[in-house]
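My questions will all concern the structure given below.
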Amino acid sequence: MNTNTGTGTNTGTGMGTGTGIGTGTDTGAGRGFAGGSRTGSTTSLGRLRALARAELTLLLRTKSVIVTAVLVPLALPLSIRPALDEFDLEAQGLSVGPVLLTSAIGFSFLFAVYTSLVTVFAARREELVLKRLRTGELRDAEILVGTALPALCIGLIQSLLVAVGCTVLLDLPAPRAPHLAVLGVLAGLVLSAALAALTASVSRTVESAQVTALPLVFVSMLGSGLTVPLEVLPDKVAHVCDLLPLSPVIRLVRGGWTGQLSGYETLESTALAAAWIVLAAWAVRRWFRWDRR
């Protein structure tokens, strides 16, 4: 318990009088990491906001994470532009604009959300931050969501900026099925965060987290349509790649711009994306580690 001898009374449960993370409010002299005052029970939204604010502060102090999350997704699509000229996109009913747009959004999923969150989850676990948070009012889901919120917001903002930028610079028309594009972006963000938590659970240290994230990054870049459209691959290879985690969300985003997804393809992609999200969430609940390995 956090016993306060200053003016006011403490009716909540704190996690120390130092700089530990707190999500409530304190009317005495003790201050939590989130900087509030503890008056007892708090709402779920308030706890998420306090934790997300603390995570955003820490994120802005880590330059390497900022570079990976912000600059890499914007630079990588430019590097694949010459390679697209080697494929006959018109024969597959595609054009450079929608392909580059979906590639940029897919890179945001991988780098702004997935790889940055793998490092964040592993770091917070090794520093025992997650373990301390579980002793307070925060529920397990709130801890994971609050920790992921800054990266999710960065990924969402990047996706919007990329969409506007590609529309202006590449003279793209407005999306023909905007609801599919929105569905694909939201599903991709949620799935990337869930996969990041799962990957962090098998990462022994913060340093090894950067390595354990690489397999999914490489597989998604090569097989989910980020660098090479699946339409130009052999049919058997394309069918296998269609089952990869990010493939259905990339297909939904691209279909939202081109309007070329049939009703059956839309249902198939939505169902597959939902299945991956449910499976990843179940695996995180089953195997996520809250303490040091």
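Sort the following peptides by mean Cβ neighbour count (other Cβ atoms within 10 Å, averaged over residues), highest first: 102-112, 250-260.
Per-residue mean Cβ counts within 10 Å order the peptides as 102-112, 250-260.
Next up: Project the alpha carbons of the range 191-284 onto their principal axes and report the range along each, largest first, in whole Å.
Result, largest extent first: 44, 25, 24 Å.
Using the heavy atoms of the protein chains and a 1.4 angstrom probe, tell me the accessible area per residue for the range 160-206 in square angstrom.
50 Å²
While we're here: Taking Cα centroids, how far is the range 150-192 from the range 221-235 in Å?
When both Cα centres are located, 20 Å separates them.
Among 256, 196, 183, which residue has its Cα furthest toward the positive end of the charge dipole of the range 142-293, with +1 on Lys/Arg Cβ and -1 on Asp/Glu Cβ?
Towards the positive end, the residue furthest out is 196.
Roughly how many percent of the accessible protein surface of the range 126-168 is carbon and sulfur, given a 1.4 Å probe and a whole-percent answer? Please report the intermediate quantities before stating the final value.
Numbers: 1490 of 2050 Å².
Using a 1.4 Å probe with all protein chains present, the range 126-168 comes out at 73 percent carbon and sulfur.
Where Lys and Arg each count +1 and Asp and Glu each count -1, what net charge lies around residue 279 among other residues with Cβ under 15 Å from its Cβ?
Working: positive: 285, 286; negative: none.
Net local charge, residue 279 excluded: +2.
Quick one: the Cα spread of the range 135-216 along its three principal axes, in angstroms, biggest first?
Taking the Cα atoms of the range 135-216, the three principal extents are 50, 32, 17 Å.
Where the only charges are on Cβ atoms (+1 Lys, Arg; -1 Asp, Glu), what is the dipole of the range 154-270 about its Cα centre, to the nearest 20 debye?
160 debye
Quick one: order 131, 63 from most to least accessible surface, probe 1.4 Å. Intermediate values should be presented prior to the final figure.
On the way: 131 100, 63 165 Å².
Ranked list, largest accessible area first: 63, 131.
Take every Cα pair under 8 Å in the range 179-293 that's 6+ residues apart, average their separations, divide by the length, and report that relative contact order as a whole percent.
41 percent
By average Cβ neighbour count within 10 Å, what is the ranking of 273-282, 191-200 from highest down? Please list the in-between numbers first.
On the way: 273-282: 17.0, 191-200: 25.8.
Descending mean neighbour count gives 191-200, 273-282.
The values are calculated or read from the model by the stated rules, or taken from the named source; none is laboratory data. On a predicted model such as this, the values are computed, not experimentally measured, just so you know. For neighbour counting, all protein chains shown are included, and Cβ atoms are generated from backbone atoms with ideal geometry for every residue, glycine included. What goes into the accessible areas is simple: the full protein's heavy atoms, side chains included, and nothing from ligands, DNA or RNA. Shrake-Rupley method; radii C 1.70, N 1.55, O 1.52, S 1.80 Å.
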